[in-house]
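All remarks here apply to the structure that follows.
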Amino acid sequence: NTPNAESLMETASSAGNYNLASALADLIDNSITANAKKISVDYDFDQEGYYVRIADNGSGMSKSELINAMKLAAKNPLDERDANDLGRFGQGLKTASFSQARRLVVLTKKEGEITGAAYNQDDIVDFKMLVFKKKEVENMLLKNELFETTTEVIWRDLARLTEKGEIQPKDIHRMFAEAQNHLELVFHRFIGAKGKNKVQIYVNGNELKIIDPFFKKHLATLEMPVERVRINNENVTITPFILPHFSKLSPNQENELSGEEGYLKNQGFYVYRNKRLIIFGTWFKIIKYGELIKLARIQIDIGNSIDQEFRITLDKSNAQIPSKLRDRLKT
């Protein structure tokens with residue numbers, strides 16, 4: 001009982017709660033999982049209109065690996081994954097891309113093999129996918145001034161970026177500025193890492209800086225003792241922080257910590273999966289907002305082997321706290 005390709009692909013466009021920032025974050029997850037240390041996100045304009053390109057210097061893909069990566073549900077979320085894998089469903093490349101664009105192009109090279117493939121939602125009968133010839137891929141590969149790329153993801157026909165379907169320069173500039181702030185927060189532990197663990201991410205040529213939600217560099221920030229809760233043979237690490245009072249912050253510092261919804265609104269639990277921030281600024285209805293916790297932020301670190309216990313959603317925008325951990329957090 002094969003699903004209708006056109007309907008399923010249109011449904012994939014609405015899967016999850018993606019905006020530009022979260023869609024870009026899903027693709028950056030793939031780059032980091034592929035051991036990329038340099039990742040660039042750019043938008044530009046040509047005869048076909050605006051397009052977005054996400055490029056990295058990771059391990060790249062062979063032709064068979066690319067074809068598999070382009071499949072919907074390429075991986076079973078129940079399969080055991082590498083401990084550093086930031087993915088889960090094998091859907092992120094497709095759902096994140098289709099949430100923003102109607103055409104998805106992936107170009108990649110590995111061990112001398114150069115290949116590329118593309119989906120066009122307006123011509124997707126029986127999941128038809130275009131596979132490029134080597135010369136076509138070579139002509140499309142971007143000459144990146146920052147680093148030599150191994151994989152490039154290109155979004156075209158960006159009708160979903162705006163409500164009216166037409167992109168104005170001021171709109172795309174604003175959206176990418178907002179996305180940059182989001183990425184600086186979500187990947188701050190990768191951007192701020194040292195040595196071989198450091199990942200450099202660029203948006204339109206600007207290297208991202210870290211936004212540390214716990215403001216550890218401030219002398220008035222108080223880090224509380226670390227606790228660990230065992231969930232299915234894996235440690236969940238809990239690190240509470242008490243942030244500085246407003247009076248001890250400069251306007252720039254307060255703005256950095258406030259995010260889009262304000263300093264107090266962003267207090268709560270900050271859940272990291274393999275050091276990647278997935279959910280933040282919520283108390284999960286475990287604790288009520290109040291004076292006693294208005295400066296508290298609590299870092300929760302989990303690995304990817306207990307995704308099922310946390311019921312992490314496709315777009316990584318929501319999760320449920322397991323009862324054992326919920327009881328501990330409540331007390």
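Which residues, counting only those in the stretch 315-331, are without any contact (Cβ under 8 Å) to a residue 60 or more places away in the chain and either closer than 30 Å to Phe98 by Cα or crowded, with 19+ Cβ neighbours inside 10 Å (or both)?
Ala319, Gln320, Ile321
Suppose the filter is more than 22 Å from Thr115 (Cβ to Cβ), open to solvent by 60 Å² or more (accessible area, probe 1.4 Å), part of a helix (DSSP H, G or I) and among the charged types (D, E, K, R); does Glu10 pass it?
Yes; evaluated as a whole, the condition is true for this residue.
Out of the residues in the stretch 287-327 that are of a type in the set (D, E, K, R) and in a loop (DSSP other than H, G, I, E, B), which is nearest to Pro213 (Cα to Cα)? First the steps, then the outcome.
Looking only at the stretch 287-327, we keep the residues that are of a type in the set (D, E, K, R), and these are 288, 291, 294, 297, 301, 307, 309, 311, 315-316, 324, 326-327.
With in a loop (DSSP other than H, G, I, E, B) added as a condition, the list becomes 288, 294, 311, 315-316.
On the way: Lys288: 20, Lys294: 14, Arg311: 24, Asp315: 21, Lys316: 18 Å.
Out of the qualifying residues, it is Lys294.
Considering only residues that are open to solvent by less than 40 Å² (accessible area, probe 1.4 Å) and either within 26 Å of the chain's Cα centre (by Cα) or in contact (Cβ under 8 Å) with a residue 40 or more places away in the chain (or both), which ones fall in the stretch 241-257?
Matches in the stretch 241-257: Phe241, Leu243, Pro244, Leu257.
For the stretch 258-314, how many residues meet the condition of being open to solvent by 30 Å² or more (accessible area, probe 1.4 Å), closer than 24 Å to Ser247 by Cα, out of contact with any helix residue (DSSP H, G or I) (no Cβ under 8 Å at 6 or more places or on another chain) and of a type in the set (Gly, Ala, Ser)?
Number satisfying all stated conditions: 1.
Which count do you get for residues in the stretch 13-34 that are over 17 Å from Val52 (Cα atoms) and open to solvent by less than 60 Å² (accessible area, probe 1.4 Å)?
Count: 5.
Are there any pairs, at least 6 apart or on different chains, whose C-beta atoms fall under 9 Å, with the first in the stretch 5-23 and within 26 Å of Asn181 (Cα to Cα) and the second in a loop (DSSP other than H, G, I, E, B) and among the acidic types (Asp, Glu), and if so, which?
If the second residue must be in a loop (DSSP other than H, G, I, E, B) and among the acidic types (Asp, Glu), the pairs left are Ala15/Asp315; Gly16/Asp315; Asn17/Asp315; Tyr18/Asp315; Ser22/Asp315; Ala23/Asp315.
List the number of the failed condition for Ala179; all other conditions in (1) within 26 Å of Ser250 (Cβ to Cβ); (2) more than 17 Å from the chain's Cα centre (by Cα) hold.
(2)
Testing His218 on (1) surrounded by 14 or more Cβ atoms within 10 Å (Cβ to Cβ); (2) of a type outside the set (Gly, Ala, Ser); (3) free of Cβ contacts under 8 Å to residues at least 60 places away in the same chain; (4) in a strand (DSSP E or B), one condition comes back false. Which one is that?
For His218, the failing item is (4).
Identify, please: which residue in the stretch 132-146 is under 21 Å from Glu65 (Cβ atoms) and outside any helix (DSSP H, G or I) and is, among those, most open to solvent (accessible area, probe 1.4 Å)?
Selected residue: Lys133.
So, of the residues in the stretch 105-125 that are β-branched (Val, Ile, Thr) and at pLDDT below 90, which turns out to be least open to solvent (accessible area, probe 1.4 Å)?
Ile124
Has the stretch 242-265 got any residue that is under 24 Å from His218 (Cα atoms), touching a strand residue (DSSP E or B) at 6+ places or on another chain (Cβ under 9 Å), among the small types (Gly, Ala, Ser) and at pLDDT below 80?
Checked the stretch 242-265: at least one residue is under 24 Å from His218 (Cα atoms), touching a strand residue (DSSP E or B) at 6+ places or on another chain (Cβ under 9 Å), among the small types (Gly, Ala, Ser) and at pLDDT below 80.
Checking the condition open to solvent by 50 Å² or more (accessible area, probe 1.4 Å) and at pLDDT 95 or above, which residue from Lys128, Lys37, Lys71 passes?
On inspection, the qualifying residue turns out to be Lys37.
Give the stretch 298-314 a look and list any residue that's in contact (Cβ under 8 Å) with a residue 60 or more places away in the chain and under 19 Å from Gly268 (Cβ atoms), or say none.
Ile298, Gln299, Ile300, Asp301, Ile302, Ile312, Thr313
Is there a residue in the stretch 43-57 that is part of a helix (DSSP H, G or I), open to solvent by less than 20 Å² (accessible area, probe 1.4 Å) and of a type in the set (Asp, Glu)? Talk me through it step by step, then tell me what you get.
Step one: of the stretch 43-57, the residues part of a helix (DSSP H, G or I) are none.
The answer is no; no qualifying residue exists.
The values are calculated or read from the model by the stated rules, or taken from the named source; none is laboratory data. Every value quoted in this text rests on a predicted model; they were computed, and no experiment measured them. Note: ideal-geometry Cβ built from the backbone for every residue, glycine included; neighbour counts use all protein chains shown. The accessibility values were calculated without ligands, DNA or RNA, using every heavy atom of the protein model including side chains. Shrake-Rupley method; radii C 1.70, N 1.55, O 1.52, S 1.80 Å.
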